[in-house]
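Read the structure below first, then the notes.
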Amino acid sequence: MSRLFGLIGKNISYSFSKKYFTEKFEKEKLTDCEYENFDLIRIAQFPKIRRENPTICGMNVTIPYKEKIIPYLDKIHPKAEKIGAVNCIKITKKGKLKGYNTDYYGFKKSIQPLLQSHHQKALILGTGGAAKAIAFALDELGILYTFASRSKTENSLDYRFINATTFDNFKIIINCTPLGTHPTIEEYPPIPFDFFTSEHLAYDLIYNPEETIFLKQARLKGAITKNGLEMLQIQAEKGWKIWNKNSFCNKIESDSPLKKM
C-alpha cells in the first residue's frame, strides 16, 4: 500500500516540494511513497483532498493557504500557534490533522552561519504567513525586527518611507514576498537598493530563480546574499521526520505487503 504525501497551494506547478520528495524517494528506494501537488482554487476544497486520498500521511502547505488552513485542522503545535501559520500537516495515528511550522526552523538553521556581530536588527519585507515564521525565528535568535509592506500599519513600515536611515538601522533585509518568483522574475520589492552596503545581509525566501533582482541588486552593492533553497531543504527534512514519527504513516507501513515480504 502506497504512502501518499502532498502539497496544498494555489498555482503550484513550479513547486520545489514535489521534485524534492520524488527525488528523495527514488534515491532512498522508498518505493511505497508518492508525492502529489493538490492545486486548490480556494481553501474550502481542502476537506475533499483528505476524503479522496485515504492513504495520505502528511502535507506541506504553501502560498496562499498557510494561515487559511488553520481552521481545518484538529490540532496545532504550540510554536505554529504562536507563529499563526502552518506549512506542514501530519496525520496522527488517530487520523487527526495536526499543524506544524517548519519554515521558521529551516530559516533559522540556514541564516545562522551568515550572522555577524553587527547583524542586530532585521527588516522583514511582507506580512504574510512566511513573514510570521521568519519573525518567530528571529525572536529565537535574539534579533529585533520590523515588518515592511505597501502601506503603513501599526506593525509595519510603508515601503515608500524606507530610506538611508532605515538601512543604517537594519543590517538584515529579508524578502518574504513572492515578488520575483518565476515566471514573473522582473518583479521585486520596491525598496531603495542603493543603500545596501557590505555590512548588509540580504535574504530572499525565493529560490526560483536562483538570484532574484532583489538579491542581485544587494550583491552589486557588496551585501552578503542568500536565497531560500537551503531553507526549503532543511524544512522539508524536518517535515519528513514529523510525518514519520508516531503517525498514520506508521500504521500504513506496518500494514503494507511490501514490509511483510
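The values are calculated or read from the model by the stated rules, or taken from the named source; none is laboratory data. None of the values given here were measured: they were computed from a predicted structure. Every residue, glycine as well, gets a Cβ built from its backbone with ideal geometry; the counts of neighbours run over all protein chains shown. To get the accessible areas, we keep the full protein, side chains included, count just its heavy atoms, and leave off ligands, DNA and RNA. Shrake-Rupley method; radii C 1.70, N 1.55, O 1.52, S 1.80 Å.
Overview of values
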| read-out | value |
| --- | --- |
| Candidates 51, 42 - the one that is more than 22 Å from residue 15 (Cα to Cα) and out of contact with any strand residue (DSSP E or B) (no Cβ under 8 Å at 6 or more places or on another chain) | 51 |
| Test: residue in the stretch 190-202 that is buried (at least 16 other Cβ atoms within 10 Å of the Cβ), farther than 23 Å from residue 83 by Cα and within 22 Å of the chain's Cα centre (by Cα) | yes |
| Residue list for the stretch 1-47, restricted to those being in contact with a Pro (Cβ under 8 Å, 6 or more places away or on another chain) and more than 25 Å from residue 182 (Cα to Cα) | 1 |
| Selection within the stretch 56-85 - out of contact with any strand residue (DSSP E or B) (no Cβ under 7 Å at 6 or more places or on another chain) and more than 17 Å from residue 46 (Cβ to Cβ) | 78, 79, 81, 82, 83, 84 |
| Answer residue from the stretch 157-176, given it is closer than 23 Å to residue 227 by Cα and of a type in the set (S, T, N, Q) and is most open to solvent (accessible area, probe 1.4 Å) among those | 169 |
| All positions within the stretch 8-27 that are among the hydrophobic types (A, V, I, L, M, F, W, C) and within 16 Å of the chain's Cα centre (by Cα) | 8, 12, 16, 21 |
| Members of the stretch 216-238 that are under 22 Å from the mean Cα position of the chain (by Cα) and either within 18 Å of residue 113 (Cα to Cα) or in a loop (DSSP other than H, G, I, E, B) (or both) | 224, 225, 226, 227, 228, 229, 230, 231, 232, 233, 234, 235 |
